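The values are calculated or read from the model by the stated rules, or taken from the named source; none is laboratory data. Being a predicted model, the structure only gives us computed values, none of them experimental. Positions of Cβ are generated from backbone atoms using ideal geometry, with glycine treated the same way; all protein chains shown enter the neighbour counts.
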Amino acid sequence: MRLSHLLLPTERQPPADAEALSHKLMVRAGLIRQVGAGLWTWMPAGWRIHQKAVQIIREEMDGIGAQEMSMPLITPAEHWVTSGRHDSVGAELFRFQDRKRADMVLAMSHEETVTFHVSSLVRSYRQLPLQLYHFQLKGRDEARPRAGLLRTREFVMKDAYSFDRDEEGLDVTYELQRAAYHRIFERAGLRFYECEADVGMMGGSGAHEFMAPCAAGENDVVLAPGYSANLEIASADPQPVPPLPDAVQGELHTPGQTTVEAVAGALGVHPGNLLKAFPVVTESRGLVMVMVRGDHRVNELKLTTKLGEPFKQATPEQLGGAGMHPGFLGPSAEVQTLYDAAVTPGRYVVGAGKPDHHVVVDLEGGERIDVRTVEEGDTVGGHPVVIEPAIEIGNIFKLGTRYSEPFGASYVDEAGKTRPIVMGSYGVGPARMVAAAAEQWGDERGIAWPRALAPWDVELVGIGKAGTPERDAAEALYAELQASALDVLYDDREAKPGEKFADAELLGVPLRLTLGKRSLESGQLEAQRRRGREDVEGGVPIGGAAAAVEALWHELP
RNA sequence: CGGGGAGUGGCGCAGUCUGGUAGCGCACCCGGCUGGGGGCCGGGCGGUCGCAGGUUCAAAUCCUGUCUCCCCGACCA
């Protein structure tokens, strides 16, 4: 490809409203342009990168026997009513009516559609197991799109669905997918973690997320040797606190001290010597008091899972109605009280249940539930955890019969008995892979793409005016490289060398060749690896350059 | 949805308080010089100042309404 013919709108300055590195660099490099909130156009060079990711995914899906197909973005609302998601998803679902006033939905994923098909097309155990996948747009009316491509309202997803006759079959398929995901992200040159993930209120028997660590990530990953989990569900051993001094005992007058910090400060004790009350209300239980150590925070997702139902924080009115006083809440005989697992037996300062007083209690052991948020410095297997921001680039999920039951997707087994099909779903966002790579491999000059994602394999920078011997040589080399196995971008523009180098570093093709007057004098091309901007020692002889360049390329990250 | 910020040429900005000929840098076009890290000189093109009302002799500027975008939070199959 000749750069002089490529629509590559590079910019010296990032958009004023861009914050995330990938957002700034991908716009500056001419890869993407914004259309609206969470809506992006891929420019030609950017789309090449996206399609590189797509092709890696495709090869790995095909490699485990999944079959590529394509299902529509527009779907009848009826399917979503059948699955229950028409009600449960809420405003995130794009809804509209067609000209006949029929309710329609932009698919946010394709469980409904694929299960609709499988329910009618698969009748026998002989047709199982089955894996189907496609690359298709997803529409999600996100409350807050952000950070360029990291959270958008429309994006291509590879979503695969598996159909097995039982849980054991699903386990096998799930492992195939899990291994394929590792290969996909490794091939793409991404740093990533496989994390235990929340299976949500939908049930399901297991889920993993693939998280790419980066500064702009909107999730947090808890990491320790042999352990990685989304902060949403992570568990770890708490950091110890010194025991409550014996001098602190009985009822304590704590006027106006409604926060852990205030009480701990006034008493001169560690915040972990206090218990914090987190009053919630659920539909089936009413008011529940959740007690966590004073220096800890309740993890609302973990609490929801443990309660087995959604909750809302109790309002001051609800507390007042129960004769309680916000700021001085403690364990109560009148309401169910649950203790976090980090609340070990011992003496704690708790709210006395009346204004301006706290009291020391001596807690026995007893039932505990793990509902707190893990913190940096907590330990797993004796090792302190670190918490890193990360972006979710893929997930795999054991759906079970969540969709096959409502759609009646079942098969007849050898004994002639009808059984529900057991499903799994497996998603990857190629755009997020690309954005994550930009986050991980971006620097102040641009993006140093992993070679597997780079829009071209090499960029040839021709120095000098058209018609000069050096440019003739560049043209000849371009032709030679085109005949090789490499995809080459040739900067043949009438531009200053500095501008060409700056654009090349912005675009981030992994290997840059420079051919100018100097090269003709020395007989050597200059070659620079974009990662680390490191020159290839001694250059590359112009004679037979294509083969040498191919060899160099194969050693790139 | 709550809080904060912003809409002026392709990009980045000034001008708005205090109403009076729309301006700067980059990019773009033409000519010349230059030719290995965004170079220099000269000449140009391009904007109904987000939109709609209103006030005024006069509105980018004041008033009202509205749309859009960004950031933080809530939310996120």
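Residues checked against (1) more than 14 Å from RNA strand B (Cβ to nearest atom); (2) farther than 23 Å from A:His208 by Cβ; (3) modelled with pLDDT of 95 or more; (4) in the same structural domain as A:Phe501 (by TED's automatic domain parsing):
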residue: A:Lys398; (1), (2), (3), (4): no, no, no, no
residue: A:Tyr426; (1), (2), (3), (4): no, no, yes, no
residue: A:Trp449; (1), (2), (3), (4): yes, yes, yes, no
residue: A:Glu459; (1), (2), (3), (4): no, yes, yes, yes
residue: A:Thr468; (1), (2), (3), (4): no, yes, no, yes
residue: A:Arg471; (1), (2), (3), (4): no, yes, no, yes
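To keep it simple, each residue is scored yes or no on (1) at pLDDT below 95; (2) surrounded by fewer than 18 Cβ atoms within 10 Å (Cβ to Cβ); (3) assigned by TED's automatic domain parsing to the domain that holds A:Phe397.
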| residue | (1), (2), (3) |
| --- | --- |
| A:Thr113 | no, no, yes |
| A:Gln127 | no, yes, yes |
| A:Gln131 | no, no, yes |
| A:Gln136 | no, no, yes |
| A:Glu142 | yes, yes, yes |
| A:Arg183 | no, yes, yes |
| A:Ala188 | no, no, yes |
With criteria (1) among the aliphatic types (A, V, I, L, M); (2) modelled with pLDDT of 95 or more; (3) away from RNA strand B (no atom under 16 Å from the Cβ), A:Ile57 comes up short on (3)
Apart from one, (1) within 16 Å of RNA strand B (Cβ to nearest atom); (2) without any contact (Cβ under 8 Å) to a residue 12 or more places away in the chain; (3) acidic (Asp, Glu) all hold for A:Asp98; the odd one out is (1)
Among residues of the range A:1-16 being aliphatic (A, V, I, L, M) and not in a helix (DSSP H, G or I), the residue farthest from RNA strand B (Cβ to nearest atom) is A:Met1
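Quick check on A:Ile32: is it farther than 25 Å from A:Tyr181 by Cα, more than 10 Å from RNA strand B (Cβ to nearest atom) and surrounded by 13 or more Cβ atoms within 10 Å (Cβ to Cβ)? Give the steps one after another, and end with the answer.
Details: farther than 25 Å from A:Tyr181 by Cα: yes; more than 10 Å from RNA strand B (Cβ to nearest atom): yes; surrounded by 13 or more Cβ atoms within 10 Å (Cβ to Cβ): yes.
Judged against the criteria, A:Ile32 is a match.
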Wholly inside the range A:202-319, strands (runs of 3 or more DSSP E) that include 1 or more residues that are over 30 Å from A:Thr152 (Cβ atoms) are A:219-224, A:227-230, A:251-253, A:275-282, A:286-293, A:311-313
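This table checks each residue for (1) crowded, with 17+ Cβ neighbours inside 10 Å; (2) free of Cβ contacts under 8 Å to residues at least 60 places away in the same chain; (3) under 39 Å from the mean Cα position of the chain (by Cα); (4) within 11 Å of RNA strand B (Cβ to nearest atom).
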site: A:Ala479; (1), (2), (3), (4): no, yes, no, no
site: A:Gly498; (1), (2), (3), (4): no, yes, yes, yes
site: A:Ala502; (1), (2), (3), (4): no, yes, yes, yes
site: A:Leu513; (1), (2), (3), (4): yes, yes, yes, yes
site: A:Ser519; (1), (2), (3), (4): yes, yes, no, yes
site: A:Arg529; (1), (2), (3), (4): yes, yes, yes, no
site: A:Pro541; (1), (2), (3), (4): no, yes, no, no
Of the listed residues (A:Gln51, A:Gln67), the one being more than 16 Å from RNA strand B (Cβ to nearest atom), within 18 Å of A:Phe155 (Cα to Cα) and of a type in the set (S, T, N, Q) is A:Gln51
Take A:Arg85 and decide whether it is farther than 30 Å from A:Ala215 by Cβ, surrounded by 17 or more Cβ atoms within 10 Å (Cβ to Cβ) and either small (Gly, Ala, Ser) or without any contact (Cβ under 8 Å) to a residue 40 or more places away in the chain (or both). yes
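Quick grid of which residues meet (1) modelled with pLDDT under 95; (2) within 30 Å of A:Leu190 (Cβ to Cβ); (3) in the same structural domain as A:Met26 (by TED's automatic domain parsing):
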| position | (1), (2), (3) |
| --- | --- |
| A:Lys465 | yes, no, no |
| A:Val488 | no, yes, no |
| A:Arg493 | yes, no, no |
| A:Glu499 | yes, no, no |
| A:Arg512 | no, yes, no |
| A:Glu521 | yes, no, no |
| A:Val540 | yes, yes, no |
| A:Gly543 | yes, no, no |
Of (1) more than 10 Å from RNA strand B (Cβ to nearest atom); (2) not in a strand (DSSP E or B), A:Glu19 fails just (1)
A careful count of residues in the range A:164-201 that are under 30 Å from A:Glu309 (Cβ atoms) and either in contact with a Lys or Arg (Cβ under 7 Å, 6 or more places away or on another chain) or assigned to a strand (DSSP E or B) (or both) gives 6
